[in-house]
1. Given the conditions (1) touching a residue at least 40 places away in the same chain (Cβ under 8 Å); (2) within 13 Å of the chain's Cα centre (by Cα), report the number of the one that LYS133 does not fulfil.
2. Only one residue in ALA85, ALA78 is in a loop (DSSP other than H, G, I, E, B), touching a residue at least 12 places away in the same chain (Cβ under 8 Å) and of a type outside the set (Val, Ile, Thr). Which one?
3. Exactly one of these conditions fails for MET118: (1) aliphatic (A, V, I, L, M); (2) over 30 Å from THR43 (Cα atoms); (3) at pLDDT 95 or above. Give me its number.
4. Residues of segment 92-102 being in contact with a Lys or Arg (Cβ under 9 Å, 6 or more places away or on another chain) and either modelled with pLDDT under 95 or exposed (fewer than 15 other Cβ atoms within 10 Å of the Cβ) (or both), which ones?
5. Which of the residues that make up segment 72-94 are of a type in the set (Gly, Ala, Ser) and over 14 Å from the mean Cα position of the chain (by Cα)?
6. Any residue at all in segment 64-73 that is among the polar types (S, T, N, Q), in contact (Cβ under 8 Å) with a residue 12 or more places away in the chain and closer than 28 Å to LYS47 by Cβ?
7. State all residues of segment 56-91 that are hydroxyl-bearing (Ser, Thr, Tyr) and crowded, with 17+ Cβ neighbours inside 10 Å; if no residue qualifies, say none.
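The values are calculated or read from the model by the stated rules, or taken from the named source; none is laboratory data. For clarity, every value in this text was computed on a predicted model and none was experimentally measured. Glycine also receives a Cβ, built like all others from the backbone with ideal geometry; neighbour counts cover every protein chain displayed. Ligands, DNA and RNA are stripped out before the accessible areas are found, and what is left, the full protein with its side chains, is counted by its heavy atoms. Shrake-Rupley method; radii C 1.70, N 1.55, O 1.52, S 1.80 Å.
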Amino acid sequence: MKKVFLAAGLIAALAFTGCKDNASEKVKGENVEMAANRDANATAFPKMEFEESEYDFGNIERGTGVEHVFKFKNTGDAPLVIVDATSTCGCTVPSFPEEPIAPGETGELLVKYNGSGMNAVTKIVTVKSNTQKGTETVKITAFVKSEQGPTNNG
């Protein structure tokens, strides 16, 4: 039993005295600098700001295609990357820039609506990107008139 305690004490003594090297001397300065830059950039996000978030096409005839360009600016601190843009309906098709938008630069989101539906119509386009929020939305509205005009029975 004494041999077991002696062996355990010897191993413990070696464990405490075997690490005489100063761990802070083994840290490379360049790695610390890279980590600091990485951490600083982890809080830098792009910010997508639209000039207008809604557009009204007014009165349009049913089946008449219309389109509008929503202009935006990256007012953030990192390049803006748009991943996808979708609408609430297949009748509305958004097109977005595929290349990154640098901080301070502008871009355009083209929204085409095919004029389907009747009466008051509202469509939402959701833009997925690398902003802190992750998504932005724009809205189009229109009043779709019937293809048939008033009849004259007189």
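1. (1)
2. Only one candidate passes the filter, namely ALA78.
3. All conditions are met except number (3).
4. Selection gives SER95 alone.
5. SER87, GLY90
6. no
7. SER87
Per-residue answers, yes or no, for (1) over 16 Å from VAL81 (Cβ atoms); (2) among the aromatic types (Phe, Trp, Tyr):
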{"residue": "SER95", "(1), (2)": "no, no"}
{"residue": "GLU99", "(1), (2)": "no, no"}
{"residue": "GLU108", "(1), (2)": "no, no"}
{"residue": "TYR113", "(1), (2)": "yes, yes"}
{"residue": "THR122", "(1), (2)": "yes, no"}
{"residue": "VAL127", "(1), (2)": "no, no"}
{"residue": "GLU136", "(1), (2)": "no, no"}
{"residue": "ILE140", "(1), (2)": "yes, no"}
{"residue": "VAL144", "(1), (2)": "yes, no"}
